[in-house]
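Engineer: This is the structure, below, for whatever I ask next.
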Amino acid sequence: MILFQVDNYSITIHGQTIDLLRKEYLLLKYLYMNANKALSRNHILEGVWPLQSPSDRTVDDHIYRLRKKLKPYRSFLTIETMKGYGYCLRINNTYVTNEETHLRNNVEIQSLYEQLISKYHLYGNGQAVRNLLDEKVFTVQMEESIRARLSFFNGDFSSLLKNKDLPIKEKSFCYLSFYALVNTDHYYNYGLLKRYIEKGFIDEKDLPEVYLLSSFMYLQLSHSEQACLLLKEKDAFILNEENGFYGFQQLWWLMYALYIKDDLLTEEKIAELHQFLDTKSYQRERGLFSLLKGFYYIQLNKEKQALDSVQHLLF
């Protein structure tokens, strides 16, 4: 990664600063913005010298000087000559410095990195998770299974669903969640869930989420009594508000209350969730809570309150 400092026409590569002349700086930035793409001399002239009429030789001279200054970093980037055409800036994204190699192999840093990602994921901060997963910015590597799952929950479904290297246990919950959302055959979805459980395809760490998914499927099948029994069973294990599934457990109770149209239970769960979320910055839980409250107000024919509940999600 190259950092460009326009105030003094310098660049920073892996912590090392290189001073450039103004046109050298503009030329490198133009090449960098079109990295790994062949550019004709005319394209370069139009991009870097738009209001002037220099010769092709001007481009060649500046390229020559840039190459000399970038020579220590040729393992990371090179300016290739495209014979009879122009130039192309090649960037080696697999290049790492000795310092980066040390970071990747440091167990303590690896652990802190994964804890930080888990915390941001808990709070539903998708952008922060995406930034942390970007190895161009953070050189620490994480397990492929964790990376694929986090990418899935941040909207990149194909990375995990098409990954043939991960064992079925590492992605079964994501498969099931995806099916439950996009497949309208609820009986098929529930049957698939039962087969996965029976065949031992569910990873133990995913069981709390699988139980929540099961109760959701029961409601889709109009089996509200089974959903209620399952939620009561899980209440015994999710008593502490610090438990990462506490908020979703209460949201699923609210969903159940809305489904059976129990206004008393609905008001009780709304009050509990208000108290819980007032002290937490859980974005996913807050978003779903706003939607469910909106549905409740629609049931009560309170359209203004329903809109007030969800409008912050629309803008």
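Engineer: Condition first: in contact with a Leu (Cβ under 9 Å, 6 or more places away or on another chain) and within 24 Å of residue 280 (Cβ to Cβ). Now tell me which residues in the stretch 207-229 satisfy that.
Structural biologist: Within the stretch 207-229, 210, 211, 212, 213, 215 qualify.
Engineer: For the stretch 137-181, how many residues meet the condition of being on the phi > 0 side of the Ramachandran plot and modelled with pLDDT of 75 or more?
Structural biologist: Applying the first criterion (on the phi > 0 side of the Ramachandran plot) to the stretch 137-181 yields 155.
Remaining after also requiring modelled with pLDDT of 75 or more: none.
The number of residues fulfilling the criteria is 0.
Engineer: Looking at the stretch 221-251, which of the residues that are touching a residue at least 24 places away in the same chain (Cβ under 8 Å), surrounded by fewer than 17 Cβ atoms within 10 Å (Cβ to Cβ) and not hydrophobic (A, V, I, L, M, F, W, C) is nearest to residue 187 (Cα to Cα)?
Structural biologist: That would be 224.
Engineer: Here's another thing I want to ask about it. Can you tell me which of 127, 115, 52 is within 30 Å of residue 205 (Cβ to Cβ), at pLDDT 65 or above and either within 31 Å of the chain's Cα centre (by Cα) or of a type outside the set (Phe, Trp, Tyr) (or both)? Can you show your working first?
Structural biologist: Working: 127 fails: at pLDDT 65 or above; 52 fails: within 30 Å of residue 205 (Cβ to Cβ).
Going through 127, 115, 52 in turn, the sole match is 115.
Engineer: Among the numbered conditions (1) more than 24 Å from residue 207 (Cα to Cα); (2) at pLDDT below 90; (3) loosely packed, with under 15 Cβ neighbours inside 10 Å; (4) among the small types (Gly, Ala, Ser), tell me where residue 309 comes up short.
Structural biologist: (3)
Engineer: Please list, ordered by first then second residue, the pairs with beta carbon atoms under 8 Å, 6 or more apart or interchain, first in the stretch 48-61 and touching a residue at least 24 places away in the same chain (Cβ under 8 Å) and closer than 17 Å to residue 25 by Cα, second open to solvent by less than 70 Å² (accessible area, probe 1.4 Å) and of a type in the set (Phe, Trp, Tyr).
Structural biologist: What qualifies is 48/30; 59/87.
Engineer: Look at the stretch 229-265 and say how many of its residues are within 33 Å of the chain's Cα centre (by Cα) and in a helix (DSSP H, G or I). So that I can check it myself, show each step before the final result.
Structural biologist: Pass one, the stretch 229-265, residues within 33 Å of the chain's Cα centre (by Cα): 230-259.
With in a helix (DSSP H, G or I) added as a condition, the list becomes 230-235, 246-259.
Result for the stretch 229-265: 20.
Engineer: Given the criteria open to solvent by 40 Å² or more (accessible area, probe 1.4 Å), at pLDDT below 90 and under 13 Å from residue 91 (Cα atoms), does residue 57 qualify?
Structural biologist: no
Engineer: Out of curiosity, is residue 257 surrounded by fewer than 20 Cβ atoms within 10 Å (Cβ to Cβ), small (Gly, Ala, Ser), farther than 17 Å from residue 174 by Cβ and free of Cβ contacts under 8 Å to residues at least 60 places away in the same chain? Let's see the steps before the verdict.
Structural biologist: Working: surrounded by fewer than 20 Cβ atoms within 10 Å (Cβ to Cβ): no; small (Gly, Ala, Ser): yes; farther than 17 Å from residue 174 by Cβ: yes; free of Cβ contacts under 8 Å to residues at least 60 places away in the same chain: yes.
Here the answer is no, as residue 257 does not meet what is asked.
Engineer: From the list 215, 281, which residue is part of a helix (DSSP H, G or I), small (Gly, Ala, Ser) and either touching a Ser or Thr at 6+ places or on another chain (Cβ under 7 Å) or open to solvent by less than 70 Å² (accessible area, probe 1.4 Å) (or both)?
Structural biologist: Values: 281 fails: part of a helix (DSSP H, G or I).
One residue alone meets the criteria, 215.
Engineer: Can I ask one more? If a residue has to be among the basic types (Lys, Arg) and touching a residue at least 40 places away in the same chain (Cβ under 8 Å) to count, how many in the stretch 5-47 make the cut?
Structural biologist: Filtering the stretch 5-47 for residues among the basic types (Lys, Arg) gives 22-23, 29, 37, 41.
Now restrict to residues that are touching a residue at least 40 places away in the same chain (Cβ under 8 Å): 37, 41.
Number satisfying all stated conditions: 2.
Engineer: Which ones in the stretch 20-42 are in a helix (DSSP H, G or I), under 21 Å from residue 83 (Cβ atoms), in contact with a strand residue (DSSP E or B) (Cβ under 7 Å, 6 or more places away or on another chain) and open to solvent by 30 Å² or more (accessible area, probe 1.4 Å)?
Structural biologist: Of everything in the stretch 20-42, just one residue is in a helix (DSSP H, G or I), under 21 Å from residue 83 (Cβ atoms), in contact with a strand residue (DSSP E or B) (Cβ under 7 Å, 6 or more places away or on another chain) and open to solvent by 30 Å² or more (accessible area, probe 1.4 Å), namely 41.
Engineer: What pairs come up if the first residue lies in the stretch 188-210 and is touching a residue at least 24 places away in the same chain (Cβ under 8 Å), the second is of a type in the set (Phe, Trp, Tyr) and assigned to a loop (DSSP other than H, G, I, E, B), and their beta carbons are under 9 Å apart, counting only those six or more places apart or on different chains?
Structural biologist: Within 9 Å, the pairs are 208/237; 208/245; 209/245.
Engineer: With the condition kept exactly as written, say whether any residue in the stretch 85-103 is part of a loop (DSSP other than H, G, I, E, B), at pLDDT 85 or above and surrounded by fewer than 17 Cβ atoms within 10 Å (Cβ to Cβ).
Structural biologist: Within the stretch 85-103, the first condition is being part of a loop (DSSP other than H, G, I, E, B), and the residues that meet it are 85, 92-97.
Okay, now just the ones that are also at pLDDT 85 or above, so 85.
Of the ones still in play, those that are also surrounded by fewer than 17 Cβ atoms within 10 Å (Cβ to Cβ) are 85.
For the stretch 85-103, residues part of a loop (DSSP other than H, G, I, E, B), at pLDDT 85 or above and surrounded by fewer than 17 Cβ atoms within 10 Å (Cβ to Cβ): present.
Engineer: Considering only residues that are assigned to a strand (DSSP E or B) and either touching a His at 6+ places or on another chain (Cβ under 9 Å) or of a type in the set (Gly, Ala, Ser) (or both), which ones fall in the stretch 3-19? Give the steps one after another, and end with the answer.
Structural biologist: Initially, the stretch 3-19 is screened for residues assigned to a strand (DSSP E or B), giving 3-5, 10-13, 16-19.
Passing the criteria: only 10.
The values are calculated or read from the model by the stated rules, or taken from the named source; none is laboratory data. Quantities reported herein were computed from a predicted structural model and do not represent experimental measurements. We place every Cβ from the backbone using ideal geometry, glycine too, and count neighbours over all the protein chains shown. Side chains included, ligands, DNA and RNA excluded: accessible areas come from the protein's heavy atoms. Shrake-Rupley method; radii C 1.70, N 1.55, O 1.52, S 1.80 Å.
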